[in-house]
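The values are calculated or read from the model by the stated rules, or taken from the named source; none is laboratory data. Given the structure is predicted, the values throughout are model-derived calculations rather than measurements. Note that we place each Cβ from the backbone using ideal geometry, even for glycine, and neighbour counts take in every protein chain shown.
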Amino acid sequence: MKKITLLLVSAAIMTLSTNAQELQAAFGASEAMVPYYEQGWDSQDEFNTWTYTNSSSSTWKLGNRSNAFSAIDPSSTSSMVLDYANGQHEVATSPAIEIRQGSQLEFYCYASGIYLVYGAWKLYAIVDGTSTLLIDQFLWAQDNAYDGPSWEKFTVDLSSYEGKSVQFSFVYQGDYGEDEAIDGFKIKQAATGDDATINIKEGESVHFMDASTGTITSWNWTFEGGTPAVSSEQNPVVTYNKAGSYAVTLTVGDGNTTATATREAYVNVEGEAPVANIGLPDGAYQSPWVMMFVPVNVPLTFKDTSTGNPYQWAWTIDGAEPATSNEQNPTVTYVQEGTYGIRLEVANDMGSNVFETVSTAIQAGGEQEIWNIAPEETLDLSMIEMGWYGNYAGTNWLGMGEFAEHFDAPLTDATISQVNIYFGKTTAASTDADIWVKIAAADANGMPGEILGETCLKASQLAYDPSVVNATEFVFSSPIQIKAGTEFFAMVGPFPNNNGDDIAILLVRRSAGEKCTAYHFVYDEDENYNYLETGTWYENVDDPISMAIAPLLKYAQPTGIGTVAGEKQAISHTYYNIAGVASDKPFNGINIVVTRYTDGSQTTTKIMR
C-alpha cells in the first residue's frame, strides 16, 4: 500500500515538472519583425503568384495611382489596382502560406473614402476551404472616420492561425466605386533571437507581442523608460519619449508556476534635436491678423510646446517684464500697449532650434479681431455642405436656426463693438431676410444665455469676394460690455432657406476629439414635424469645428497703480536698492523708482523708506 502511494506521489511530481518545462516566456515586437512572405506587385511574375477572378470587364491588375506606393516604399514600381466598373465582383487570392508563431499580416491600401459606399473590398482568411472575414473596408472606414484618398496601413494579428496553411483573399464588390490600390503585402514573424533589437525615435511607440509557450493565464510586463511602465495585457503598446537603451521584462504564469524573460537594451531610442514651438498662454486670444492678442498689466504664462525633449530654454519676450527667461514656461507681464515679437531657443544634447516671430506677431492691449482658429489652420478654411440639407453654419433644412461660436473669458474688462463674419457663400434669394448677430453671456450650463447686445443686416448685405479676404461687419449701436471672467458667445442666424438661398460661413474642421467651439440651436417639432419657435442649444461634439466668426474686442484701459498729470496712467513701478537689485516692492533705505506709463514713457525718482 505504501509503495503504491509513493508511485502516485512520484507521478504527480513528474507531471508538475513537465508543466513547468512547458511554460516558457518569450516576446518580440512588430517593430522587430522579419517578413517571411512578401508580395509587392512589382513585376508580372510576382503578380502571377496570386490568382484573380472577375465578373466584369475590370479586374485586379498591375498599375499605379496618382499617389504611387513609391511614396511609402521608394523601391516600389507598381501596385495591385482595380478600376471601377458596373457590377463588380473581383477576387485576388494569395497562394497557401504556412503561418508561423508570432505572425502578423501587414499591407497598405489607397482609396477614396467618399466612394466606399458604392464599392469596397473585404479581406478573408481561407483555411481548408472555410473563409473567415478579417477586415471589411467599408466598416473600417466608418469606424476610423476615413476621408482619404491616402495610403493607409493595415495590420492583422495572425496568432489564431499559427501552424495552419492559409490563403488570403481580397474580394471587391460594388457598383461604380472609386479606384482601389493595394501594396506592401507582408507576413512577418516576431524576431525573438538573442540579437533582436528595436530602434525607434523619441515619441514613437512599440507594439509588443507575446511569444510565450504553455497554458498561460497571466502576463506581467515591465518597460524600463516606457509609458506605461508596467502592463498586464498580452500584447501591450508602449511609447518611449526619451533617448536611451531600455530593458523589457515579461513574466508569464499558468496559475501554478511562472516564467520570466528579460531583454537588456532591447529598445533603443534615438534622440533628436528639438523643434521649438510656443503655445498660446491662458487668457490670450487667437486672431486673423496677429499670432496672439493679450491684455496689458496682467500676468501671462507662455507655454513651451517644443518637441524633442529640450532641457534648455532661452526666451526673449519683447515688451514684457521680465523680457528674458530661462524657465520652460515663464510668466511675464506686458507693461504697455503695442505690438511685439517673441523668440524661443531650445536645446538638448542633439542640438538646438529657434522659434522666432516678426515684431508685430503679438498685440498687447488695444483692439483686435479674435477667433478660435490657429494661424496654421487658416489654409483649411472651407464650408460644410450637407447635400440636400444645406450648409452647416448657414442655410439649412434641418431645423438649425442659429449658430454660435464660444469664446473664453477675457482676463480684464473688455468691449465688443462689432462682429466680423467670413462667409464662403452669400447667395440670397430672400434679399430682405434679417440676419441677426448677438453677443450672449454663457449660462450656468455653458450654453448661450443672457443677450448682451444684438444687431442685424439684410441677407443682400452679406459680403463675399473669392479673390480677397472679405468680412461682413455686423456693427452694434453701442459697444457691448464684457466683464473679466465672463465666457461669451457670438451668435448668428437664422438664415433664410427659401428656394435659391445658399449661405455658408467658412470654418475649420478638425478630427474627432480635437477642439470644438461651435454650437447650434435646433427648433422643437410638433406632432406633424413642423418646426416650432422653441428649441435647444447643442454643442457640436460629433464634428469638432470652429467658425470664422471674429468679434472686434477692445481691452479696457488698464487702471494701473496710480496716475500722473494728464490722461496717462502709471502701470508699473520697479524699485532698485543702492546695489542695483530690482524688486516690485520698496527696499528699506534709499530706493531708485522707475515708473512706466500707458503712453510708453517712464520716469525715475529717488525715495527713502
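For the reader, a short list of remarks on this structure follows.
- When 296, 252, 269 are checked against the criterion of being of a type outside the set (Lys, Arg) and more than 30 Å from residue 232 (Cα to Cα), a single residue qualifies: 296.
- A search for C-beta distances below 9 Å between a residue of segment 508-530 that is free of Cβ contacts under 8 Å to residues at least 24 places away in the same chain and any residue that is loosely packed, with under 13 Cβ neighbours inside 10 Å and part of a strand (DSSP E or B), counting only pairs 6+ apart in sequence or on different chains, returns 524/532; 524/533; 524/534; 524/536; 526/532.
- Scope segment 341-366; condition part of a strand (DSSP E or B) and either assigned by TED's automatic domain parsing to the domain that holds residue 413 or crowded, with 16+ Cβ neighbours inside 10 Å (or both); matching residues: 342, 343, 344, 345, 346, 347, 348, 353, 355, 362, 363, 364
- Strands (runs of 3 or more DSSP E) fully within segment 140-210 that include at least 2 residues being touching a Ser or Thr at 6+ places or on another chain (Cβ under 9 Å): 150-157, 165-174, 180-190, 205-210.
- Residue match in segment 27-43 (condition: on the phi < 0 side of the Ramachandran plot, assigned to a strand (DSSP E or B) and at pLDDT below 85): yes
- Residue 307 being touching a strand residue (DSSP E or B) at 6+ places or on another chain (Cβ under 7 Å) and more than 30 Å from residue 555 (Cα to Cα): yes
- Near pairs, Cβ below 6 angstrom, 6+ apart or cross-chain, from segment 490-506 (among the aromatic types (Phe, Trp, Tyr)) to any residue that is surrounded by 23 or more Cβ atoms within 10 Å (Cβ to Cβ) and assigned to a loop (DSSP other than H, G, I, E, B): 495/395
- Yes/no for residue 434 being closer than 24 Å to residue 538 by Cβ and surrounded by fewer than 16 Cβ atoms within 10 Å (Cβ to Cβ): yes
- Whenever a residue of segment 433-457 is farther than 14 Å from residue 408 by Cα, its partners that are among the basic types (Lys, Arg), lying with C-beta atoms within less than 9 angstrom and at least six residues away or across chains, give the pairs 433/458; 434/458; 435/458; 451/438; 452/438; 453/438; 454/438; 455/438.
- Among residues that are closer than 21 Å to residue 155 by Cβ and out of contact with any strand residue (DSSP E or B) (no Cβ under 6 Å at 6 or more places or on another chain), residue 204 is included.
- Cβ-Cβ distances below 7 Å connect no pair with a first residue in segment 319-340 that is outside the structural domain of residue 290 (by TED's automatic domain parsing) and without any contact (Cβ under 8 Å) to a residue 12 or more places away in the chain, a second residue that is assigned to a strand (DSSP E or B) and buried (at least 18 other Cβ atoms within 10 Å of the Cβ), and a separation of six or more residues or different chains.
- Number of positions in segment 456-499 that are over 36 Å from the mean Cα position of the chain (by Cα) and over 22 Å from residue 391 (Cβ atoms): 4
- Filter result for residue 513 (over 23 Å from residue 379 (Cα atoms), modelled with pLDDT under 95 and not acidic (Asp, Glu)): no
- Considering segment 419-448, and only residues there that are within 28 Å of the chain's Cα centre (by Cα) and of a type in the set (A, V, I, L, M, F, W, C), the residue that is farthest from residue 488 (Cα to Cα) turns out to be 423.
Quick grid of which residues meet (1) farther than 19 Å from residue 359 by Cβ; (2) at pLDDT 95 or above:
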residue: 283; (1), (2): yes, no
residue: 288; (1), (2): no, no
residue: 294; (1), (2): no, yes
residue: 304; (1), (2): yes, yes
residue: 313; (1), (2): yes, yes
residue: 321; (1), (2): no, no
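- Residue 96 vs. criteria assigned by TED's automatic domain parsing to the domain that holds residue 157 and surrounded by 16 or more Cβ atoms within 10 Å (Cβ to Cβ): no
- Exactly one residue among 185, 154 is under 26 Å from residue 42 (Cβ atoms), touching a residue at least 60 places away in the same chain (Cβ under 8 Å) and not polar (S, T, N, Q), and that residue is 185.
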